[in-house]
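Written out below as structure tokens is the structure these notes cover.
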Amino acid sequence: MSDAEFRSGFVTFVGRPNVGKSTLTNALVGEKVAITSDKPQTTRRAIRGILTRPSGQLVIVDTPGIHKPRTLLGQRLNDLVEQVLGDVDVIGFLVPATDKVGPGDRRIAESLDGYGRARKVAIVTKTDIASRDQITERLMEVDSLREDWAAVIPLSAVAGEQLDVLADELLTLMPEGPALYEEGVVTDESVEDRIAEIIREAALEGVRDELPHSIAVTVEDIAEREDGEITDIHANIVVERDSQKGIIIGHKGSRLRDVGSRARAQIEPLVGTKVFLKLHVRIAKEWQRDPKQLGRLGF
């Protein structure tokens, strides 16, 4: 196939919190490149997942959800989303089949007017847990939100239903051009960043209230031992208050051991060896509101 027929470009997904943006990104790529959680604003960076086919290449930019910011971190995340939306070729608007279209969905759909260069695709997610009537109703509601949808597609990222249909449609909407990444590359995230995200995902499991927003992770050191069989990883889980530190550590360190065990199970396939994971919990007071602390933590 000639370069003239090859298509490549960028797509991002928008929608209310927990509509499944990261889950859909991972399903399309075929590998976990973005962490998932039922906590809003789990995604904190623009993470690129790459899907390469003989006919083209999709660079899927997974971004934080659009939300009303309450901290400097929240404002920076919103600024990041604005920047990505202005740069991509296609914006996919996600609505779960199980929930009626509400004011938040309408507001986001209307906001897409501000990104004139991007084609828009509506995606009804979670069809595996919705009834046929719910799916039909949602498709009609979503279709009526805008007149310029290039396509309206129902799918289930979890069950893998209609993913090929979405990928085909997105590729046809991309501009002609060469591949942007070499074949076999699924993300441009560094191993260090992926490890930090895996640890944060494990730390988010089971925590409530404000704590999810207060958790950050930094990887201090990654070193493979001389025998090549074990990789030593030292990382910090950063929180904002003493009480949060206690929650993360748990009774006699039980919760921190559980976080380490869950994270290690995902890190080992990534680095290709057994892992000795040393986690330290430290406090950085009000880091979400402090420009210097945000800079140190990579925001």
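What follows draws every value from the coordinates through simple rules; no lab data is involved. Not measured: the values here are computed from a predicted model. When we count neighbours, we look across all protein chains shown, and the Cβ atoms used for this are built from the backbone with ideal geometry, even at glycine.
Values computed for the structure shown
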item: Segment 145-170-segment 193-215 distance, computed between alpha-carbon centres (Å); result: 30
item: Relative contact order computed over segment 1-129 (Cα-Cα under 8 Å; 6+ residues apart), in percent; result: 28
item: Rg to Rh, two decimals, where segment 1-80 supplies the alpha carbon set and Rh follows Kirkwood; result: 1.06
item: Over 35 Å [Cα-Cα, the chain], rounded percent; result: 23
item: Packing-based exposure ordering (other Cβ within 10 Å, fewest first) of 280, 213, 234; result: 280, 234, 213
item: For segment 7-173, alpha-carbon Rg and Dmax in angstrom; result: 14.7, 44
item: For segment 75-126, diffusion coefficient by Stokes-Einstein and Kirkwood Rh (Cα), 20 °C, 1.002 mPa s, µm²/s; result: 179
item: Computed log₁₀ I(q)/I(0) - Debye formula, equal Cα scatterers, no solvent, segment 163-299, q 0.12, 0.13 Å⁻¹; result: -0.61, -0.69
item: Most to least packed among 239-248, 46-55, 21-30 [average Cβ atoms within 10 Å]; result: 21-30, 46-55, 239-248
item: For the chain: relative contact order, % (alpha-carbon pairs under 8 angstrom, 6 or more apart); result: 18
